[in-house]
Amino acid sequence: MTYQEMTKEELLEERQSLQKEYDAWKRKNLSLNMARGKPSKAQLDLSNQLMDVLNSNSYFNDQTGTDCRNYGVGEGIPEAKALMGEMSEVSPDDMIIFGNSSLNIMFDSIARSYAKGVCGSTPWCKLDKWKFLCPVPGYDRHFRVTEFFGAEMINIPMTPDGPDMDMVEDYVNNDPAVKGIWCVPKYSNPQGYSYSDETVRRFANLTPAACDFRIYWDNAYSIHHLYDEPEKQDVILEILDECRKAGHPDMVYKFISTSKVTFPGSGLAALAASKRNLDDVRKYMSAQTIGHDKLNQLRHVRFFGNLTNMKQHMRKHAAILRPKFEAVWEIFDKKLGGLGVGEWTKPNGGYFVSFDALPGCAKKIVAMCGDCGVTLTPAGATYPYGRDPEDKNIRIAPSYPPLDELKEAAEIFTICVRIVSIDKILDKAE
């Protein structure tokens, strides 16, 4: 029976019982964190041998003979471009290796477009206004970048197949002020959705009203599956290839990193794009840097060798993550299933579970969890400007806590969801 079907008396009795459970948890003075999708210590330990690949007796030259300890090779050593190209499903010639953070590359890309324009177009800072499309719920750090530079951000609803492409096409093809769209195409943050073939092809066949429109394709979870079975692994079309087929080779920037493959603070990040776009990037790079950390590139190349070994490494990550996701789903199914108080995603990969509460309940649920020692991503964070118009989406990040702590946090979360939902239903009934 759903809560909506219960009588007022039944709801009040249920609430009283739940309040006792909540108070008991609160007396334990717990400190549990499901706020951000950070790898756990056990996951970080998987890459510890990366630190042993190079030492004072190592050979520090790349395959061309360049000494990686010195200046130069601003676009990345050939071996790193080959490895990251494999990971990105693109040619090494289509990419530049940067530092450790793909978010930093995205910020630089927006900054360059804002200050200098895109491939010779008018800099965005000289426009009366410029707009950016934001699939929602989405990645809060994406939205913070475009907010920082003053974009007008437009919500585009997400579906299990990707963004609402009717809306995307209408905005992009008709409004020259629309300069870009944020995308996490595989195991999206936070829902874990992956774009369908039709969605990718519709992206590639956009006909932008603005010549400087770009798709910001953040392929953060390209090999981040939860399951080893191929039938449980999402596969998406390669966007650069599709754009070229459609005659729009310059329309996309594709970002990737090893942040959740090795060490988030010390991984490799890369940008893949057309030659025209990369030439535009090279102009600002010539003023910005003499080269990124080639020793780290060399370290990663020698640690993995090839994509096959990298995928095998990711199976070890999955073995740690999978029980955590399944524990959350099991508790949600057991404690919330059939009550009509929320819906949640069960992705095949990535780092998050997206929970939709009853409208108007997310902030209260997050606050109530916080009072009981469970830290969650702030309600509204998955929307531009931190404003969820329905106040219902909550991002759950199972990766970081130990499994026993995660189970406790999930139990407390379900209690808070039920209490807040009962209060909402009773308020509406009055």
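Under a 5 Å amide H to amide H cut-off, with H placed in plane at 1.01 Å, what residues pair with Gly180 once short-range neighbours are removed?
Those lying under 5 Å, H to H, from Gly180 are Leu133, Arg214.
So, in nm, how far is label Ala42 from label Asp241 when the simple model puts each one 7 Å beyond its Cα toward the Cβ?
3.5
Compute the convex hull volume of the Cα atoms of the chain, divide it by the residue count, and report the result per residue in Å³ as a whole number.
So the per-residue hull volume is 149 Å³.
Quick check: from the Cα gyration tensor, does segment 51-102 come out rounded (a/c under 1.5), prolate or oblate?
Since a/c reaches 1.5 and a/b is larger than b/c, the shape of segment 51-102 is classed as prolate.
Whose amide H sits under 5 Å from the amide H of Ser101, counting only residues 5 or more places off or on another chain, with H placed in the peptide plane?
Long-range HN contacts for Ser101: Ala269.
Sort out for me the Cα centre separation of segment 283-324 from segment 121-194, rounded to whole Å.
That distance is 27 Å.
R0 = 60 Å: FRET efficiency of Met51 with Lys8, Cβ-based, nearest 0.05?
On the way: r = 61 Å, r/R0 = 1.02.
Rounded to the nearest 0.05, the efficiency is 0.45.
Can you tell me how segment 1-130 classifies by the Cα gyration tensor, rounded, prolate or oblate, using a/c under 1.5 as the rounded cut?
oblate
As a test of the formula, what do you get for the chain when each DSSP H run with n ≥ 4 contributes -39,500 (n - 2.57) and the sum is divided by the residue count, at 222 nm and rounded to the nearest 500 deg cm²/dmol? Write down the numbers at each step before the final one.
Numbers: 13 runs with 176 residues, N = 430.
Here the helix-only value at 222 nm equals -13000 deg cm²/dmol.
In the neighborhood of Phe355, defined by Cβ-to-Cβ distances under 14 Å, what is the net charge if each Lys or Arg adds +1 and each Asp or Glu adds -1?
Here the count lands on +1.
Calculate the all-directions average of the projected area of segment 147-220's alpha-carbon convex hull, and give it in nm².
That works out to 4.9 nm², a quarter of the Cα hull's surface.
Considering only protein heavy atoms and a 1.4 Å probe, what is the carbon-and-sulfur percentage of the accessible area of segment 41-177?
Its accessible area is 47 percent carbon and sulfur atoms.
With θ set to phi - 60° and the Karplus curve 6.51 cos²θ - 1.76 cosθ + 1.60, what are the ³J(HN,Hα) couplings of segment 113-124 in order, to the nearest whole Hz, using x for Gly and Pro?
Result, rounded to whole Hz: 5, 5, 8, 10, x, 10, 6, x, 6, 5, x, 5.
Mind listing the phi-derived Karplus ³J(HN,Hα) values for segment 150-161, rounded to whole Hz, using 6.51, -1.76 and 1.60 with θ = phi - 60°, and x for any glycine or proline?
Once θ is set to phi - 60°, the couplings for segment 150-161 become x, 5, 8, 9, 10, 6, 10, x, 8, 10, x, 9 Hz.
Cut-off 10 angstrom, C-alpha nodes, Gaussian network model of the chain. Which of Glu390, Glu86, Glu231 fluctuates the most?
Of Glu390, Glu86, Glu231, the most mobile in the Gaussian network model is Glu231.
Remind me, what semi-axes does segment 328-420 give for its equivalent ellipsoid, largest first in whole Å, using sqrt of 5 times each Cα gyration tensor eigenvalue?
18, 15, 14
Give me the percent of DSSP beta bridges within the chain that run antiparallel, rounded to the nearest 5.
The antiparallel fraction comes to roughly 45 percent.
Let me have the relative contact order for the chain, percent, based on Cα pairs under 8 Å that are six or more residues apart.
Numbers: 803 pairs, mean separation 111.3, N = 430.
After rounding, I find 26 percent.
Run the 1.4 Å probe and let me know the accessible area of Glu152, rounded to the nearest 10 Å².
That residue has around 80 Å² of solvent-accessible surface.
Quick one: accessible area per residue over segment 118-161, 1.4 Å probe, rounded to a whole number of Å²?
Spelled out: the 1.4 Å probe surface of segment 118-161, per residue, equals 45 Å².
Give the whole-number value, in cubic angstrom per residue, of the convex hull volume spanned by the C-alpha atoms of segment 128-257. Please list the in-between numbers first.
Details: hull volume 13.3 nm³, N = 130.
Measuring per residue, one finds 102 Å³ for the Cα hull of segment 128-257.
May I ask for the Rg/Rh ratio of segment 181-311, computed from Cα atoms with Rh as the Kirkwood radius, given to two decimals?
0.98
Please sort 171-180, 277-286 by packing, taking for each peptide the average over its residues of neighbouring beta carbons within 10 angstrom, highest first.
Details: 171-180: 19.4, 277-286: 16.2.
By packing density, highest mean first, the sequence is 171-180, 277-286.
Build a GNM of the chain with springs between Cα atoms under 10 Å: which of Lys275, Lys131, Lys38 gets the top mean-square fluctuation?
Among Lys275, Lys131, Lys38, the largest mean-square fluctuation in the Gaussian network model of the chain belongs to Lys275.
Pull up all non-local amide H partners of Val374: gap of 5 or more, or a different chain, and H-to-H distance under 5 Å with H placed in the peptide plane.
Leu32
So what's the net charge close to Leu226: Lys and Arg +1, Asp and Glu -1, counting the other residues with Cβ under 15 Å from its Cβ?
+3
Provide, as a two-decimal number, the C-alpha radius of gyration of segment 241-348 over 2.2 N^0.38 Å, N being how many residues it has.
Normalised Rg, Cα atoms only: 1.57.
Please give me the summed charge of the neighbours of Ser58: other residues whose Cβ is under 11 Å from its Cβ, Lys and Arg +1, Asp and Glu -1.
Neighbour charge sum, excluding Ser58 itself: +2.
Read phi for every residue in segment 344-358 and hand back ³J(HN,Hα) as whole Hz from Karplus 6.51 cos²θ - 1.76 cosθ + 1.60, θ = phi - 60°, with x for Gly and Pro.
Running phi through 6.51 cos²θ - 1.76 cosθ + 1.60 with θ = phi - 60° gives 9, 8, 10, x, 8, x, x, 10, 9, 10, 9, 10, 10, 7, 5 Hz.
The values are calculated or read from the model by the stated rules, or taken from the named source; none is laboratory data. Because the structure is a prediction, the values reported are computed rather than measured. Note that we place each Cβ from the backbone using ideal geometry, even for glycine, and neighbour counts take in every protein chain shown. Side chains are part of the model used for accessible areas, which takes the heavy atoms of the whole protein and leaves out ligands, DNA and RNA. Shrake-Rupley method; radii C 1.70, N 1.55, O 1.52, S 1.80 Å.
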